[in-house]
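So the structure is just underneath, and the comments pick up after that.
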Protein chains: 2
Amino acid sequence: MRMKLAGAMVMIAMSASAQTPKIMLVMHGGAGTITRSGMTPEAEAQYRAALEQALRTGQAVLARGGTSVDAVEASIRVLEDSPLFNAGKGAVFTHDGKNEMDASIMNGANKMAGSVAGVTIIKNPISAARAVMEKSKHVMMAGRGAELFATKMGLEIVDPSYFWTERRWKALQQELLKEQQQPRGDLGVGERKKFGTVGAVALDRSGNLAAGTSTGGTTNKQYGRIGDSPIIGAGTYASNDACAVSATGEGEYFIRWTVAYDIAALMKYRGMTVQQAAEEVVNHKLVDAKGEGGVIALDRNGNFAMPFNSEGMYRGWIGGDGVPHVEIYK
Amino acid sequence: MRMKLAGAMVMIAMSASAQTPKIMLVMHGGAGTITRSGMTPEAEAQYRAALEQALRTGQAVLARGGTSVDAVEASIRVLEDSPLFNAGKGAVFTHDGKNEMDASIMNGANKMAGSVAGVTIIKNPISAARAVMEKSKHVMMAGRGAELFATKMGLEIVDPSYFWTERRWKALQQELLKEQQQPRGDLGVGERKKFGTVGAVALDRSGNLAAGTSTGGTTNKQYGRIGDSPIIGAGTYASNDACAVSATGEGEYFIRWTVAYDIAALMKYRGMTVQQAAEEVVNHKLVDAKGEGGVIALDRNGNFAMPFNSEGMYRGWIGGDGVPHVEIYK
């Protein structure tokens, strides 16, 4: 009996010590009309491979005791360097045929945050957002000013042509053709159903959360439009007292509904779990408002949610066992 | 006895009908180290006169049945046109000797919102923010793109020299001198203790709330820095289910704490009054974080709060009686 009790206690202690350094990384690669019928097996395999690589890269950081901020930056850089996702290398084109990118990052341990908007020559916008967070007193920098800052900070600068990809260029031409045939009256952006933003939320060995988001915005965007990705509280939020969130979708709704912070507020003020809070915002509030998209949200215990109200969302997670899990469809 | 009861009922009915169309406008003209000893009687009289004029202008809109959005825009335009406040005409200078302005507006009836950041040729940025809200599908536009949109929308465009004022130019030179003597290591913005942002929150006859904020940012700002004023949820928020908020202060803290939306969230999710919620965020959360500034917040019943944790805040309110009230110090 004594033996049995001691054994049980050892098991409890082991399970507690196994839980303390719980690490978790959750990522998304954008939401929208992503359906099985619209995807070739080759394309699906490419997306899965890229997401798995990003997950493994971020998990390796966490597994060797790196911070959640390190893991978020490292994993997002992988997707920024891939031409598959609408961020970094694969960024979509603006109306004027440029690639203007936004990114943000937030450290849940101290609520520090950084963001860049409308940058065109920074190879990895997520790293520029991190530099703003850690090497300036500011939270948000835009345009040429942000590029000047990133240059002074020694980040990798590329010629704008680095971001040119045939696939995105053709997508812009299609949009422009559609516009000629059916001019948009309100000077806004026409129908678009793919939101290729990428994002990551991570929990490190010290129990600290972080979140980051990076995007090329929307194809054919005009007038210096800024979406939710670089807006702290809308597209990105992290605080150890609640959760880490990264969003993807119709940015305007995510700004007006303060989506990322609202999930944290529902947890803090209403006592909801991360699943309940994320579900409430994405599948009730946003659905009522007809705002399409999804989020990834992670709490300090490693519980996470990946709700989306669109047809699909590239998403995945990886924990302490190092096995990546990727999902695309509903 | 019968007579008495009838009289009492008439009084109740009158008081109810007098309450239904309750209108209210609350404004701020910035917070910071504003002290009696540091202010001449002439300067104080000028600030009071400008704030009273802005309050009367907005109240006149509400009194004739105009919307809260109309009142917010009209009253903020008055302060933008004054050289006294750091918004529009009186905007401070950036490090490069330019005037780059931000503004945002939100309609509490439908959660529509609009914002512009880093604009240099739009006479009234608050009107540009309104045009983004009402005439585009976007929420936020920055820089040249926002200026192009405002121009197409027929807003008044001015030469950048319109925003040149001797007082603000001298303030920049002082900052630049200070910087030469004591270089700032972190490439951030040096000490600054006046936050001249302007803002308004209004309640109209139909019971709809609106909020707006306009600013020139901070003297000597660099790198395309964007503060909280154009960020929905940080510097500006309005929703009929909670309150309307406009903030002024160290923008970076207001972004990281999602100040404007957090006040709404505390009301919705914790059942706090507008006074309790505004007090909690400004005088507890921000004070703990050492984030200086203040807010104005208004609920659908016309209750409002104007807490600030700095030495002073230009502020005032005006209700159905048309009598403006202005306060400056603690």
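Based on what the data block shows, is B:A128 assigned to a loop (DSSP other than H, G, I, E, B) and in contact with a Leu (Cβ under 8 Å, 6 or more places away or on another chain)?
For B:A128, the condition - assigned to a loop (DSSP other than H, G, I, E, B) and in contact with a Leu (Cβ under 8 Å, 6 or more places away or on another chain) - is not met.
So how many residues does the range A:262-280 have that are part of a helix (DSSP H, G or I), out of contact with any Phe, Trp or Tyr (no Cβ under 7 Å at 6 or more places or on another chain) and either open to solvent by 10 Å² or more (accessible area, probe 1.4 Å) or more than 9 Å from chain B (Cβ to nearest Cβ) (or both)?
Residues meeting the conditions: 9.
With the structure loaded, tell me whether B:Q222 is at the interface with chain A (Cβ under 7 Å from one of its Cβ atoms), open to solvent by 10 Å² or more (accessible area, probe 1.4 Å) and more than 17 Å from A:I231 (Cα to Cα) or whether it fails that test.
Criteria met by B:Q222.
Please go through the range A:225-256 and pick out each residue that is over 24 Å from B:A277 (Cα atoms), out of contact with any Phe, Trp or Tyr (no Cβ under 9 Å at 6 or more places or on another chain), buried (at least 24 other Cβ atoms within 10 Å of the Cβ) and more than 8 Å from chain B (Cβ to nearest Cβ).
A:P230
Working only within the range A:298-317, note down all residues that are farther than 26 Å from A:K268 by Cα, open to solvent by less than 20 Å² (accessible area, probe 1.4 Å) and outside any loop (DSSP other than H, G, I, E, B).
Result: A:G312, A:M313.
Consider A:T94 against the criteria (1) assigned to a loop (DSSP other than H, G, I, E, B); (2) within 15 Å of the chain's Cα centre (by Cα); (3) of a type in the set (S, T, N, Q): it satisfies all of them except one. Which criterion is unmet?
(2)
Could you tell me whether A:V259 is open to solvent by less than 10 Å² (accessible area, probe 1.4 Å), at pLDDT 95 or above and over 20 Å from B:D241 (Cβ atoms)?
Here the answer is no, as A:V259 does not meet what is asked.
Does A:N99 qualify as being closer than 22 Å to A:L209 by Cα, open to solvent by 10 Å² or more (accessible area, probe 1.4 Å), of a type outside the set (G, A, S) and part of a loop (DSSP other than H, G, I, E, B)?
Spelling it out, it is not the case that A:N99 is closer than 22 Å to A:L209 by Cα, open to solvent by 10 Å² or more (accessible area, probe 1.4 Å), of a type outside the set (G, A, S) and part of a loop (DSSP other than H, G, I, E, B).
Under 7 Å between Cβ atoms, which residue pairs at least 6 apart in sequence (or on different chains) link something in the range B:258-281 that is without any contact (Cβ under 8 Å) to a residue 12 or more places away in the chain with a partner that is crowded, with 24+ Cβ neighbours inside 10 Å?
These pairs meet every condition: B:Y269/A:A265; B:Y269/A:L266; B:M272/B:L266.
Pairs only if they're at least six apart or on different chains, beta carbon under 6 angstrom, first in the range A:137-149 and more than 7 Å from chain B (Cβ to nearest Cβ), second open to solvent by 10 Å² or more (accessible area, probe 1.4 Å); list them, first residue then second.
Short answer, once both residue conditions are applied: A:E147/A:I121.
If you go through the range A:140-168 one residue at a time, how many are buried (at least 17 other Cβ atoms within 10 Å of the Cβ) and at positive phi?
The qualifying residues number 1.
The values are calculated or read from the model by the stated rules, or taken from the named source; none is laboratory data. Because the structure is a prediction, the values reported are computed rather than measured. We place every Cβ from the backbone using ideal geometry, glycine too, and count neighbours over all the protein chains shown. Side chains included, ligands, DNA and RNA excluded: accessible areas come from the protein's heavy atoms. Shrake-Rupley method; radii C 1.70, N 1.55, O 1.52, S 1.80 Å.
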